[in-house]
1. Under 5 Å between amide H atoms, partner at least 5 residues away or on a different chain: which partners does residue 74 have, H built in plane at 1.01 Å?
2. Fully extended, how many nm does the chain gain between residue 89 and residue 12 (0.36 nm per residue separation, minus their Cα-Cα distance)?
3. Suppose R0 equals 22 Å; then what is the FRET efficiency for residue 20 and residue 124 from their Cβ-Cβ distance, rounded to the nearest 0.05?
4. Need one word for the range 1-101: rounded, prolate or oblate. Basis is the Cα gyration tensor (sqrt eigenvalues a ≥ b ≥ c); a/c below 1.5 gives rounded, then a/b vs b/c decides.
5. Can you tell me which of 29-36, 88-95 comes out highest on packing, and rank the rest after it, using the mean Cβ neighbours within 10 Å?
6. Starting from the Cα-Cα distance between residue 34 and residue 1, subtract it from 0.36 nm times their residue separation and give me the gain in nm to one decimal.
7. Residues with beta-carbon under 9 Å from that of residue 87, excluding residue 87: net charge, scoring Lys, Arg +1 and Asp, Glu -1?
8. Please report the net charge: other residues with Cβ closer than 15 Å to the Cβ of residue 75, K and R +1, D and E -1.
Amino acid sequence: QVTTTSLHNDEFWYHYGITFVDSTQSLTLYVDGVPVGSVVAEPLLATSAYVIGRQAPGIDDGYFFGLLDEIRVWNYARTSLEMSATKNQVLAGSETGMIAYWKLNEGDGLLATDAVGASTGDLVSTPLWVDDIPLNEVFTNSFDPESRQVTLDPSNTSVDRVDFLDISQIPISGF
């Protein structure tokens, strides 16, 4: 069990990473790419099932209370720099070393699809699916045209609830 005394604001999303280095048997916890705790631990067996959001299989307490998104498993201990570089990105699932990746985009139901294709997850209890996600993920029911022509004039700079003067919303290019 890795613990930390770091305080976190429950109103924000954080990226948690855990690495295991076999040669030193060191299990390290990272928050937003920064190591915050480490212990010596026994390696997991290759046949061990993933248990996410609960202390261990067969234990009826120790459940995680909060929101989860983008759960990834790699076959090597990623560096702090590697974690920081991809913590706010949706990945493809074909990255070198990635062996499991649950984007948690389903929106309903009791299955979590593995983007790598190896381990579809069973969700227990009654998961609450929310739209408050930290990444700009694309869902299967979205519409994303390659381009659209819009004519603006000084008296009307907003089309379909997009304010074209607010550069924080979307990138704008034109000729």
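1. Excluding prolines and chain starts, which carry no amide H, the hits are 99.
2. Values: separation 77, 0.36 × 77 = 27.72 nm, distance 1.64 nm.
Contour length minus the Cα-Cα distance gives 26.1 nm.
3. Computed FRET efficiency for residue 20 and residue 124: 0.30.
4. Working: a/c = 1.20, a/b = 1.02, b/c = 1.18.
Here the range 1-101 falls in the rounded category.
5. Packing order, densest peptide first, comes out as 29-36, 88-95.
6. 10.1 nm
7. Value of the local net charge: -2.
8. Values: positive: 72, 78; negative: 22, 82, 95, 114.
Net local charge, residue 75 excluded: -2.
The values are calculated or read from the model by the stated rules, or taken from the named source; none is laboratory data. Bear in mind the structure is a predicted one, so any value in this text is a computation, not a measurement. All Cβ positions, even for glycine, are placed from backbone atoms using ideal geometry, and neighbour counts span all protein chains on display. Just so you know, the surface numbers come from the protein's heavy atoms only, side chains and all, with ligands and any DNA or RNA stripped out. Shrake-Rupley method; radii C 1.70, N 1.55, O 1.52, S 1.80 Å.
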